[in-house]
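Notes for the one structure printed next.
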Amino acid sequence: MHLLEDISLKPYNTFGLDTKARFFATINSLEELKEAIALKEPTKKIILGGGSNILLTQDINGLVLHVNIKGISIIKEEEDWVWVKANAGENWHNFVMWCIANDFGGIENLSLIPGNVGTAPIQNIGAYGVELKDVFEHCDALELATGEMVQFSNKSCDFGYRNSIFKNSHKGKYIITSVSFKLSKKKHNIRTNYGTIRAELQRLNIVSPTIKDVSNAVIAIRTSKLPDPKNIGNSGSFFKNPVVTAQEFELLKNNFPEIPSYKISETEIKIPAGWLIEKAGFKGKTFENYGVHKKQALVLVNYGNAKGEAILKLSKLIQDTIQRIFEIHLEAEVNII
Ligand code: EPU
């Protein structure tokens, strides 16, 4: 393991924020990870995967561990199913492409999500009607306090909407080193119900889509409205979509009859935060070198050299405004450090 000092984290976070780490190490193997964790000093250790879900608001006076453990392998195969293990440092989208090239189905709807395999379970990544939990078999993780390896089953991760045990009781206590998935080899479950996927496939005259077609449709939709972090710094959806009670929703509907919604259960309704933010007048707003994306109001953007504190301040202004207009609390989806 090679310990570097005073390193800019700009290349390691998709928001492109230029904060510094006092110490920094790229971790290429489980052995290196164990070695780094065993270091007595510095005590503060921050784990960084693809850096696609964090807002860095300050320099880190500690050790940043950039988990870069690579490798994909088939661990078990049956006639209809395959179990695949991917190490934490694999880029998520490259892994999706590897599955599609092998005709393994299940994660095609999750194409082009930024980030790495190892951080995907933490927030149970999801898009276009599919969540990681739908294909997650188990993950292996290193316990920081003991240096022991622990395995977490799907059930024990306690997955929810953009949520898991790793964001709650186990927050900061484990480093996920690999994730194992159960994927289909035959009779793929093609999911095109999520609004625009079907329309995109129709536009391309595709009647019986393959997993590759679904992936292509998702890629086309995402590129049309989500900014590419290579060009404009961002962390995807900054907030979660809020869930309100049926009663609260009735009141909102009286005041805002056009409000979009998704029914989750008889008592719970999810409201697209992007709509609330747009309605509050923030969509496309630019403040100096940062702002709210023009095509998707849920995405905050860094047009270059913005400070994390400034983006955090904007997020608070948005939260306060949404609270005032709609009496709804928007919860940040990204991790604020
Ligand atoms: N909308 C607006 N204005 C906007 C954006 C959205 O009015 O500027 C309304 C529209 O009614 C639209 C609806 O919101 O139909 C839903 O928008 P969209 O399909 O873009 O999805 P979303 O709910 O805003 C969620 C995820 C995305 C994921 C998409 C597609 C969350 C927090 N975000 O966004 O995930 O890609 O669905 O499944 O759940 C991410 O987590 O980083 C992310 C990008």
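The values are calculated or read from the model by the stated rules, or taken from the named source; none is laboratory data. All values reported here derive from a predicted model rather than from experimental measurement. Virtual Cβ from ideal backbone geometry, glycine too; neighbours counted across all protein chains shown. Each accessible area value is taken on the protein alone, full model and side chains, heavy atoms only, with ligands, DNA and RNA left out. Shrake-Rupley method; radii C 1.70, N 1.55, O 1.52, S 1.80 Å.
Here the 3J(HN,Hα) profile of the stretch 274-279, calculated from phi with Karplus coefficients 6.51, -1.76 and 1.60 at θ = phi - 60°, is x, 5, 4, 5, 5, 4 Hz, Gly and Pro shown as x.
Of the DSSP H helices in the chain, those with a Cα length along their own long axis of 24 Å or more and a mean Kyte-Doolittle hydropathy reaching -1.0 comprise 308-326. Cross-link list 186/230; 167/253; 185/240; 76/230; 171/212; 230/279: which exceed 30 angstrom alpha carbon to alpha carbon? Exceeds cut-off: 186/230; 167/253; 185/240; 76/230; 171/212. Share of carbon and sulfur in the accessible area of the stretch 72-225 stands at 48%, probe radius 1.4 Å. Taking 63, 39, 226 as the candidate residues, the one with maximal mean-square fluctuation in a Gaussian network model of the chain, Cα springs under 10 Å, is 39.
Centre-to-centre, using Cα atoms only, the stretch 47-95 and the stretch 150-201 are separated by 13 Å.
Just report the Cα centroid separation between the stretch 114-128 and the stretch 227-255, whole Å. Spelled out, the Cα-based centre of one part sits 18 Å from the other.
Only beta bridges with both residues in the stretch 41-162 are counted; by DSSP, about 75 percent of them are antiparallel. For residue 144, the residues whose amide H sits under 5 Å from its own are 174, 175, ignoring neighbours fewer than 5 places away on the same chain, with H placed 1.01 Å from N. The base-10 log of I(q)/I(0) for the stretch 72-225, evaluated at q = 0.16, 0.20 Å⁻¹, reads -0.86, -1.25 [Debye formula, identical scatterers on Cα atoms, solvent excluded].
Which residue, 131, 148, 258, has the most motion in a Gaussian network model of the chain that connects Cα atoms within less than 10 Å? Greatest mean-square fluctuation among the candidates belongs to 258. Think of each Lys and Arg Cβ as +1 and each Asp and Glu Cβ as -1; about the Cα centre, that makes the dipole of the stretch 233-336 roughly 420 debye.
Computed with a 1.4 Å probe on the full set of protein chains, the accessible area for residue 134 sits at about 80 Å².
I need the shape label for the chain. Rule: rounded when a/c is under 1.5, else prolate if a/b > b/c, else oblate, with a, b, c from the alpha carbon gyration tensor. Oblate, since a/c reaches 1.5 and b/c is not below a/b.
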